[in-house]
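Asker: This is the structure I have questions about; it appears just below.
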Amino acid sequence: MTVPLVAGNWKMNTTVAEGIALARSVRELVGSPRDVEVAVLPPFTHLWALRDELAGSAIQLGAQDVFWELAGAYTGEVSAATLVEVCGWALVGHSERRHLLGESDEAVGRKFACASATGLRVIVAVGETEEDRDAGATFSVVDRQLDAAFAPLIAQPDPDGFVIAYEPVWAIGTGRTATPEQAQEVCAHIKQHLRERANTSPRALYGGSVTAANAAELFAERDIDGALVGGASLRAEEFSAIVRAAAGGMPEA
Ligand code: 13P
């Protein structure tokens, strides 16, 4: 059975004190769910405090980004070597970094390679814009992003060591979720592409306006193995309801 992953990307939200309170609520409400992995990705500044807050709980911790070198003159960047001391996951390739900050496909690949080599588990985010989808280019854009992400890897990545998050840009923060059929189609395509190109079969998450109201129907799809949740992950009740939907609602693999 595939164990789903539900990860909350808090983005640039919460003060440290608010983040501690949110993590505490998530911890209490989520408890120890069976057969589902749960992670929260707070801002970098929160990681040490949340490591203590979540110690001994089922909630894993991740960073929202990571740099591609381990040390050196890279002002403002954060090394995988320091992240691995404090958390288990790093997200790379989020569309807000690609589109707002001009992060290239190549940069995402270098980050993935460095984080993987350091022992972090990695969430690699890919997804098309509305323009891409309208032009019928969804698969080609996702394939290009995946190929670039995998190009610099030296060793064959362990499929438990990373997941792909399919996040269509037009569904992020818009309240316009992809339909379960749309999300399933692309998640299945991603797995097929990686089997062919990289001989690997990671989990595929969906992200983009996931809420407690739409999570169950997304998780009922065969190739959707969890969610990367933005806005709804800032509300502990709602996030824990999404975790429950994942724990209860996965189809047989
Ligand atoms: P929303 O759930 O707010 O649409 O954000 C999705 C996302 O970008 C998660 O990384």
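The values are calculated or read from the model by the stated rules, or taken from the named source; none is laboratory data. Because the structure is a prediction, the values reported are computed rather than measured. Cβ coordinates were reconstructed from backbone atoms using ideal geometry, including for glycine residues, and neighbour counts include every protein chain displayed. Note: accessible area is taken over every heavy atom of the protein model, side chains too, but ligands, DNA and RNA are not part of it. Shrake-Rupley method; radii C 1.70, N 1.55, O 1.52, S 1.80 Å.
Asker: Just to check your reading of the model, which residue among R195, R176 is touching a helix residue (DSSP H, G or I) at 6+ places or on another chain (Cβ under 9 Å) and basic (K, R)?
Answerer: Matching residue, one of R195, R176: R176.
Asker: Turning to a different aspect of this structure: Quick one: how many residues across the stretch 150-181 are open to solvent by less than 70 Å² (accessible area, probe 1.4 Å) and either within 16 Å of the ligand (Cβ to nearest atom) or at pLDDT 95 or above (or both)?
Answerer: 16
Asker: Those residues that are within 16 Å of the ligand (Cβ to nearest atom) and either farther than 16 Å from W48 by Cβ or open to solvent by 70 Å² or more (accessible area, probe 1.4 Å) (or both), I need them from the stretch 70-94; list them, please.
Answerer: L91, V92, G93, H94, listed by residue number.
Asker: Taking the conditions exactly as written (within 28 Å of L50 (Cα to Cα), open to solvent by less than 10 Å² (accessible area, probe 1.4 Å) and at pLDDT 95 or above), does V142 satisfy them or not?
Answerer: It is false that V142 is within 28 Å of L50 (Cα to Cα), open to solvent by less than 10 Å² (accessible area, probe 1.4 Å) and at pLDDT 95 or above.
Asker: For residues that are part of a loop (DSSP other than H, G, I, E, B) and surrounded by 18 or more Cβ atoms within 10 Å (Cβ to Cβ), scanning just the stretch 187-208, find the one that is modelled with the lowest pLDDT.
Answerer: Filtering the stretch 187-208 for residues that are part of a loop (DSSP other than H, G, I, E, B) and surrounded by 18 or more Cβ atoms within 10 Å (Cβ to Cβ), the one modelled with the lowest pLDDT comes out as P202.
Asker: Tell me which of these T118 doesn't satisfy, since it passes every other one: (1) open to solvent by 10 Å² or more (accessible area, probe 1.4 Å); (2) within 14 Å of the ligand (Cβ to nearest atom).
Answerer: (2)
Asker: For the stretch 3-32, name all the residues that are closer than 23 Å to A216 by Cα and surrounded by fewer than 18 Cβ atoms within 10 Å (Cβ to Cβ).
Answerer: Once the filter is applied, which keeps residues that are closer than 23 Å to A216 by Cα and surrounded by fewer than 18 Cβ atoms within 10 Å (Cβ to Cβ), the stretch 3-32 yields V3, S25, E28, L29, G31, S32.
Asker: Return the residues of the stretch 95-115 that are farther than 17 Å from G230 by Cβ, open to solvent by 10 Å² or more (accessible area, probe 1.4 Å) and within 16 Å of the ligand (Cβ to nearest atom); say none if nothing qualifies.
Answerer: Scanning the stretch 95-115 gives a single hit, E103.
Asker: Just to be sure I understand the filter: pairs with C-beta atoms under 9 Å, separated by 6 or more residues or on different chains, first member in the stretch 82-96 and more than 20 Å from V38 (Cβ to Cβ), second member among the hydroxyl-bearing types (S, T, Y). Which pairs pass?
Answerer: S95/T129
Asker: Now for a different question. Suppose we filter A213, A241, A137, A236 for residues that are among the aliphatic types (A, V, I, L, M), open to solvent by less than 30 Å² (accessible area, probe 1.4 Å), more than 12 Å from the ligand (Cβ to nearest atom) and without any contact (Cβ under 8 Å) to a residue 12 or more places away in the chain; which single one remains?
Answerer: After applying the criteria, what remains is A137.
Asker: Can you pull out every residue in the stretch 154-204 that is small (G, A, S) and over 20 Å from S116 (Cα atoms)?
Answerer: Within the stretch 154-204, A171, G173, G175, A178, A183, A188 qualify.
Asker: Quick check, is T129 buried (at least 19 other Cβ atoms within 10 Å of the Cβ) and more than 21 Å from A63 (Cβ to Cβ)?
Answerer: Judged against the criteria, T129 is not a match.
Asker: Do we find that D223 is open to solvent by less than 50 Å² (accessible area, probe 1.4 Å) and either away from the ligand (no atom under 11 Å from the Cβ) or of a type in the set (D, E, K, R) (or both) in this structure?
Answerer: In short, yes.
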